Amino acid sequence: MASSSISAGGGGGGGAAAASHEHRPVRFLKGHSQSLLCCISPPANPHLVATSGEDGMMCIFDLRSEARPQKFEKFGEAVVSLCHHSGNENHIIAAAGQTIYLMDVRLGPDGGELCKFQFNTDEINQVAINQSGTFIAASDDSGEAKVIDLRGQKVFKTLRGGHVNICSSVQFHPKRSWEVLTGGLDCKIINWDFSRGKLIKGIDLSLDPGNSAHDFAGVCNPPFVHALAVSERDVSGETGQVLAVARGDGVVEVYNVEFDRSKSSVNKGPNRSINSSHRKQKEDERSHSDALDCKGTHGTLGRICQLGSVNGGHTAAVSHVTFSRFGENGSLLVSGGNDACLKLWNWSSCYCSSSKEQESSPLRLNILHREKINWISTIASSSDNLLVAGTSTYLTIYSIL
């Protein structure tokens with residue numbers, strides 16, 4: 001089993017101190033025959049947990065029961081991503097290969113499939129659903145993201161031309177209902193207006209001059225974007241809702257989800273004195289140049305804090321990140337990496353004006369999980385509140401706080 005312990009100093013990455021008492025998993029949920037890839041729990045029903053894995057299976061667990069999980073085995077290939085329908089806790093959206101499935105877990109493994117969509121042209125990496133439950137977004141290996149009209153069961157828009165490599169992650173903007181955020185292995189984060197299929201704003205992390213300060217083990221790794229997470233609620237103070245980024249160079253970043261729109265030229269009205277084709281060409285050129293603009297607040301456009309080796313951060317690529325549902329107003333962030341470490345961050349401690357406050361380490365907890373981490377989910381509870389899907393065949397549950 002994956003025993004765990006908490007170590008001071010962030011697992012070998014810098015001098016920031018974390019709690020040092022022993023910390024072990026409280027439960028293991030078994031049902032898969034191969035490595036787990038994803039795990040989720042709906043906020044409305046935290047006792048329900050769904051997992052998916054390389055065995056082409058989705059398992060549904062009830063944390064209140066010791067009964068065996070429901071096993072959905074009709075996918076035929078690795079199920080890489082899950083998300084709960086925002087309007088129905090019993091509906092789960094699953095992605096396997098190039099196909100998206102809408103499942104009703106109440107109907108059981110034999111009749112759970114409500115519909116499926118085969119619009120993506122390459123392997124899907126993540127699916128997400130908007131707050132009203134009307135659109136699904138799916139990022140894939142082609143560098144594109146499809147936005148699907150769930151009611152009409154058709155493609156609404158294809159978001160292309162922003163990423164030049166794999167589009168690894170996608171999230172709907174928590175504040176603007178017609179916007180989507182994507183991240184890719186081209187080191188870019190892009191904000192889209194999916195009503196028009198247009199790029200609004202972008203950040204190229206490879207252009208950040210501070211990257212070298214976070215090199216670990218003498219190796220320079222690109223800041224690939226492996227995962228994005230948006231806070232589900234406003235954070236205390238003036239920050240509002242925020243975006244977390246899991247980077248390939250071992251760094252976790254937090255951005256204001258609004259970025260810095262005052263610097264964007266994409267949304268400015270067109271010059272009416274030029275013809276429409278020339279105007280479109282100019283808008284496209286501005287869109288792509290904005291995607292490369294990384295200079296701004298805190299060194300990168302809209303960045304609030306950067307959690308790297310100097311903070312006791314990860315010593316390998318960060319594979320996943322999520323805002324915790326436990327704790328106060330989204331001020332806690334959990335990251336997991338290829339270094340087999342789980343880290344609990346009080347990222348909001350970086351967002352302060354007092355130098356005395358800034359001396360406090362944002363790293364609150366470091367757990368040696370002893371296996372590569374693929375996905376993390378949290379539950380709004382005082383116990384059994386951290387779910388970890390890794391390279392083992394079982395889901396690990398920790399009690400944090």
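Quick notes on this structure:
- The range 357-367, residues that are buried (at least 18 other Cβ atoms within 10 Å of the Cβ) and either within 25 Å of residue 65 (Cα to Cα) or in contact with a Ser or Thr (Cβ under 6 Å, 6 or more places away or on another chain) (or both): 362, 366, 367
- Qualifying residue in the range 26-39 (condition: in a loop (DSSP other than H, G, I, E, B) and without any contact (Cβ under 8 Å) to a residue 24 or more places away in the chain): no
- Residues in the range 98-134 that are of a type in the set (D, E, K, R) and within 17 Å of residue 82 (Cβ to Cβ): 104, 106, 113, 116, 123.
- Failed item, numbered, when residue 318 is tested on (1) surrounded by 24 or more Cβ atoms within 10 Å (Cβ to Cβ); (2) among the aliphatic types (A, V, I, L, M); (3) out of contact with any His (no Cβ under 7 Å at 6 or more places or on another chain): (3)
- Summed over the range 84-105, residues that are surrounded by fewer than 20 Cβ atoms within 10 Å (Cβ to Cβ) and under 22 Å from residue 391 (Cα atoms) total 1.
- In the range 59-82, residue surrounded by the fewest Cβ atoms within 10 Å (Cβ to Cβ) [restricted to those that are in contact with a Cys (Cβ under 9 Å, 6 or more places away or on another chain) and within 23 Å of residue 140 (Cβ to Cβ)]: 80
- Of the strands (runs of 3 or more DSSP E) lying entirely inside the range 57-122, the ones with 2 or more residues being more than 20 Å from the chain's Cα centre (by Cα) and at pLDDT below 95 are found at 88-96, 113-117.
- No other residue among 353, 383 is modelled with pLDDT under 95, in a loop (DSSP other than H, G, I, E, B) and within 24 Å of residue 45 (Cβ to Cβ) apart from 383.
The values are calculated or read from the model by the stated rules, or taken from the named source; none is laboratory data. Since the structure is predicted, the reported quantities are computational estimates derived from the model, not experimental observations. Positions of Cβ are generated from backbone atoms using ideal geometry, with glycine treated the same way; all protein chains shown enter the neighbour counts.
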